[in-house]
Amino acid sequence: MVRATVRLFALAKSSMQAQMEYYSKFSPSPLSIKQFIDFGQSQSSDAAKSYVFLRQELPVRIANIMKEINLLPEKLLQMPSVRTVQGWYQQTFTDLLDYTDLSEEDKSQISSFTDQLVTIRNRHMNVVETMAQGVLEMRESYKVDQHEENNIQYFLDRFYISRIGIRMLINQHTLMFGRSPKTHPLHIGSIDPRCDVVAVIRDAYESARFLCDQYYLAAPDIDMRWIDARDKSDNITMVYVPSHLYHIMFELLKNAMRAVMEHRGTSASEYPAIRILVTKGKEDVTIKVTDEGGGIPKSEIDKLFNYMYSTAPTPPKPGVSTIPPLAGYGYGLPISRLYAKYFHGDLTLSSMDGYGTDAVVYLKVLSSEASELLPIYNSAVSRYYKTPTPASDWSTPGYFIRNYTTRRYGK
């Protein structure tokens, strides 16, 4: 009986590996915000069409990133938290395969698929924190060389932006066709056709201020201005995902507040306001956040986007604390930049050491140009993990990494 069970398990695992090889040969199909909106507003849009697309697209996206996980340093792969994340992805891949050959006309199957997507979304709720915990476990157990660190940085950028894309697809389907009530009557899934940028920033500020008050018993104010050079309106709206913008702004404001409070000290009688300027031009909505928190040395700027670097104490393990940390893993900025990049925007930092820091967010104004930025697994990616990064001189800094970055994003 035991031998038969082991044999069945081995066959199932072999079948899953074969399916993963098959789906990883396909490239993900990036969608633009306009395509999401057009489908949601179309009179012919229904759950069946979304079901047919997602039951093929989701396995492709998951297989692409799962193939890449196996290329990580063995030091990281053997960490318990990383094994947990792998298990979640394997289970999700297996769950999705159950729907690939079923009839698209069977409404009960479509309903079951929608419910399964909710289960998958809940399963992956703590992926970011759990993977971050795996990196901490590795750093506590092993010495990590530069090549391994470069591989982990490269992978995590791709892994987390892949996760953003997968969650975007799942959220669109479940919000439009799921059992739960719609979050907002005018939204198309998670997309707001008239996203009020200033209002989202104010919401993010209120949340960050509440958290800052908990830690420091005070918080700096904001001084916000906005200029619509494109439509000449009194407020700034765009087609965007409010939750993505909120995440970006919450992290930037939280960091700015922490910098101001620690630079000025909690005994200060007043704190300089964080200045925010929002502009809407022909191509971009640009948001600049300026603080007087003492700035950052130029040598430290790039480290702020490194997953292996954090200036804050180690946070509690996922699920241990009910109070969100003001800072911890050091993933706030890197993942905020990925949210900006996901629809072909960006997030940059510039600083004046001894004075303060400017964070600038760029978002695409035109929904047709705001397409998903997705990682693709191919032979060039595989070679990157195996080839040590050569040393660069001052005239060709980071050539190797830029070359592969260009390849991975298909530009």
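The values are calculated or read from the model by the stated rules, or taken from the named source; none is laboratory data. Treat the numbers as computed from the prediction; the structure is a model and nothing was measured. Cβ coordinates were reconstructed from backbone atoms using ideal geometry, including for glycine residues, and neighbour counts include every protein chain displayed. Side chains are part of the model used for accessible areas, which takes the heavy atoms of the whole protein and leaves out ligands, DNA and RNA. Shrake-Rupley method; radii C 1.70, N 1.55, O 1.52, S 1.80 Å.
Only one of ALA199, ALA208 is of a type outside the set (Asp, Glu), in contact with a Lys or Arg (Cβ under 9 Å, 6 or more places away or on another chain) and more than 30 Å from PHE93 (Cβ to Cβ); which? Full working, then the answer.
Working: ALA199 fails: in contact with a Lys or Arg (Cβ under 9 Å, 6 or more places away or on another chain).
The conditions single out ALA208.
If GLU149 satisfies all but one of (1) modelled with pLDDT of 95 or more; (2) open to solvent by 20 Å² or more (accessible area, probe 1.4 Å); (3) farther than 25 Å from THR114 by Cβ, what's the number of the condition it fails?
All conditions are met except number (1).
Tell me which residues, restricted to the stretch 18-57, are among the polar types (S, T, N, Q), loosely packed, with under 15 Cβ neighbours inside 10 Å and at pLDDT below 90.
Matches in the stretch 18-57: GLN41, SER42, GLN43, SER44.
Can you list the helices (runs of 4 or more DSSP H) found entirely within the stretch 56-152 that contain at least 3 residues being over 17 Å from SER162 (Cβ atoms) and among the small types (Gly, Ala, Ser)? Lay out the reasoning, then the answer.
On the way: elements: 74-77, 80-97, 107-123, 127-141.
Helices (runs of 4 or more DSSP H) meeting the threshold: 107-123.
I need the full set of residues from the stretch 112-134 which are in contact with a helix residue (DSSP H, G or I) (Cβ under 7 Å, 6 or more places away or on another chain) and under 17 Å from LEU76 (Cβ atoms), in order please. If you could, list the steps in order and put the result at the bottom.
Of the residues in the stretch 112-134, the ones in contact with a helix residue (DSSP H, G or I) (Cβ under 7 Å, 6 or more places away or on another chain) are 113-114, 116-118, 120-121, 123-124, 127-128, 130-131, 133-134.
Passing the criteria: VAL127, VAL128, THR130, MET131, GLN133, GLY134.
Would a scan of the stretch 186-204 turn up a residue that is surrounded by fewer than 20 Cβ atoms within 10 Å (Cβ to Cβ) and more than 25 Å from THR237 (Cα to Cα)?
Within the stretch 186-204, not a single residue is surrounded by fewer than 20 Cβ atoms within 10 Å (Cβ to Cβ) and more than 25 Å from THR237 (Cα to Cα).
Considering only residues that are open to solvent by 10 Å² or more (accessible area, probe 1.4 Å), closer than 18 Å to ASP157 by Cβ and in a loop (DSSP other than H, G, I, E, B), which ones fall in the stretch 329-367?
The answer is TYR329, GLY330, TYR331, HIS344, GLY345.
Is there any pair linking a residue in the stretch 369-388 that is of a type in the set (Val, Ile, Thr) to one that is surrounded by 14 or more Cβ atoms within 10 Å (Cβ to Cβ), with Cβ under 7 Å and at least six apart or on different chains, and which?
Within 7 Å, the pairs are ILE376/SER27; ILE376/PRO28; ILE376/ASN64; ILE376/ARG408; VAL381/GLU68; VAL381/ARG408.
Taking only pairs six or more apart or across chains, which ones have beta-carbon atoms under 7 Å, a first residue in the stretch 278-305 that is under 24 Å from GLU262 (Cα atoms) and in a strand (DSSP E or B), and a second residue that is basic (Lys, Arg) and open to solvent by 20 Å² or more (accessible area, probe 1.4 Å)?
THR290/ARG275
Looking at this structure, is ASP284 of a type outside the set (Val, Ile, Thr), farther than 21 Å from ASP203 by Cα and under 22 Å from the mean Cα position of the chain (by Cα)?
In short, yes.
Exactly one of these conditions fails for GLY265: (1) over 25 Å from the mean Cα position of the chain (by Cα); (2) open to solvent by 40 Å² or more (accessible area, probe 1.4 Å). Give me its number.
(2)
Could you give me the residue pairs with C-beta distances under 8 Å whose first residue belongs to the stretch 22-34 and is of a type in the set (D, E, K, R), whose second residue is open to solvent by less than 20 Å² (accessible area, probe 1.4 Å) wherever it lies, and which are 6+ apart or on separate chains?
Sorted first by the residue in the stretch 22-34, then by its partner, the pairs are LYS34/ALA370.
Got a sec? Which of ALA256, ALA208 is over 30 Å from GLN86 (Cα atoms), in contact with a Leu (Cβ under 6 Å, 6 or more places away or on another chain) and small (Gly, Ala, Ser)? Even if it seems obvious, please write down each step before you answer.
On the way: ALA256 fails: in contact with a Leu (Cβ under 6 Å, 6 or more places away or on another chain).
None of the others qualify; the one that does is ALA208.
Do we find a residue being among the basic types (Lys, Arg), surrounded by fewer than 16 Cβ atoms within 10 Å (Cβ to Cβ) and free of Cβ contacts under 8 Å to residues at least 24 places away in the same chain anywhere in the stretch 217-229? Spell out how you get there, then give the answer.
Keep residues of the stretch 217-229 that are among the basic types (Lys, Arg), which gives 225.
Those left that are additionally surrounded by fewer than 16 Cβ atoms within 10 Å (Cβ to Cβ): 225.
Going one step further and asking which of them are free of Cβ contacts under 8 Å to residues at least 24 places away in the same chain, we end up with none.
Looking for residues that are among the basic types (Lys, Arg), surrounded by fewer than 16 Cβ atoms within 10 Å (Cβ to Cβ) and free of Cβ contacts under 8 Å to residues at least 24 places away in the same chain, one finds none in the stretch 217-229, hence no.
Are any of the residues in the stretch 238-249 touching a residue at least 12 places away in the same chain (Cβ under 8 Å) and part of a loop (DSSP other than H, G, I, E, B)?
Scanning the stretch 238-249 turns up at least one residue that is touching a residue at least 12 places away in the same chain (Cβ under 8 Å) and part of a loop (DSSP other than H, G, I, E, B).
Is at least one residue of the stretch 169-184 open to solvent by 50 Å² or more (accessible area, probe 1.4 Å) and part of a helix (DSSP H, G or I)? Full working, then the answer.
Taking the stretch 169-184 as the starting set, the residues that turn out to be open to solvent by 50 Å² or more (accessible area, probe 1.4 Å) are 177, 179-184.
If we keep only those that are part of a helix (DSSP H, G or I) as well, we get 177.
Yes: the stretch 169-184 contains one or more residues that are open to solvent by 50 Å² or more (accessible area, probe 1.4 Å) and part of a helix (DSSP H, G or I).
Quick check on this structure: which one of GLU105, GLU140, GLU129 is open to solvent by 20 Å² or more (accessible area, probe 1.4 Å), over 30 Å from ASP46 (Cα atoms) and touching a residue at least 40 places away in the same chain (Cβ under 8 Å)? Don't jump to the end; show me each part of the working.
Values: GLU105 fails: over 30 Å from ASP46 (Cα atoms); GLU140 fails: touching a residue at least 40 places away in the same chain (Cβ under 8 Å).
So the residue among GLU105, GLU140, GLU129 that is open to solvent by 20 Å² or more (accessible area, probe 1.4 Å), over 30 Å from ASP46 (Cα atoms) and touching a residue at least 40 places away in the same chain (Cβ under 8 Å) is GLU129.
Starting from residues that are touching a Lys or Arg at 6+ places or on another chain (Cβ under 8 Å) and among the small types (Gly, Ala, Ser), keep the ones in the stretch 228-286 and report whichever is farthest from ILE301 (Cα to Cα).
Step by step, filter the stretch 228-286, then rank; the result is ALA229.
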